[in-house]
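A.B. asks: Here's a structure for you.
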Amino acid sequence: MVCKGGIVGIISRYMKLKDMPVMSVTPVFQHLWSETVFECIISFRVGQAILVGLRTLRYWRHTSKKRRKRWKSSNKNKTHSVKT
């Protein structure tokens with residue numbers, strides 16, 4: 001089970017946080033469930049989002065070309081035999 005502090009650590013590693021998150025734990029021993037409430041505001045620049053989209057598209061195209069080349073070369077080396 002991942003603790004809440006670990007999740008905050010992972011998020012802060014990949015994103016810039018303006019303020020430290022406020023967390024509180026209130027144990028309720030009479031119930032058998034756990035509840036987590038997460039509230040946030042996310043902001044990003046449209047230009048950065050477009051740039052990330054273009055980079056992702058270029059990455060996908062590049063990797064699919066490599067896969068096609070590998071697939072074609074592996075099929076050329078295979079010999080087929082027919083039993084009669």
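The values are calculated or read from the model by the stated rules, or taken from the named source; none is laboratory data. Computed from a predicted model, the values in this text were never measured in an experiment. Glycine gets a Cβ as well: all are built from the backbone with ideal geometry, and neighbour counts include every protein chain shown. What goes into the accessible areas is simple: the full protein's heavy atoms, side chains included, and nothing from ligands, DNA or RNA. Shrake-Rupley method; radii C 1.70, N 1.55, O 1.52, S 1.80 Å.
A.B. asks: Determine which member of the set S34, S43, S24 is surrounded by fewer than 10 Cβ atoms within 10 Å (Cβ to Cβ), at pLDDT below 80 and small (G, A, S). Spell out the reasoning first.
C.D. replies: On the way: S43 fails: at pLDDT below 80; S24 fails: at pLDDT below 80.
Criteria check complete, one pass: S34.
A.B. asks: Could I ask something else about it? Check whether at least one residue in the range 11-19 is open to solvent by less than 100 Å² (accessible area, probe 1.4 Å) and touching a helix residue (DSSP H, G or I) at 6+ places or on another chain (Cβ under 6 Å), and report yes or no. Can you show your working first?
C.D. replies: First, the residues of the range 11-19 that are open to solvent by less than 100 Å² (accessible area, probe 1.4 Å): 11-12, 17.
Cutting the leftovers down to touching a helix residue (DSSP H, G or I) at 6+ places or on another chain (Cβ under 6 Å) gives us none.
No: zero hits.
A.B. asks: Name every residue in the range 4-62 that is of a type in the set (A, V, I, L, M) and in a loop (DSSP other than H, G, I, E, B), in order of residue number. It would help to see each step written out before you state the result.
C.D. replies: Of all residues in the range 4-62, those of a type in the set (A, V, I, L, M) come to 7-8, 10-11, 15, 17, 20, 22-23, 25, 28, 32, 37, 41-42, 46, 49-52, 54, 57.
Listed by number, the residues that qualify are M15, L17, M20, V22, M23, V25, V28, L32, V37, I41, I42.
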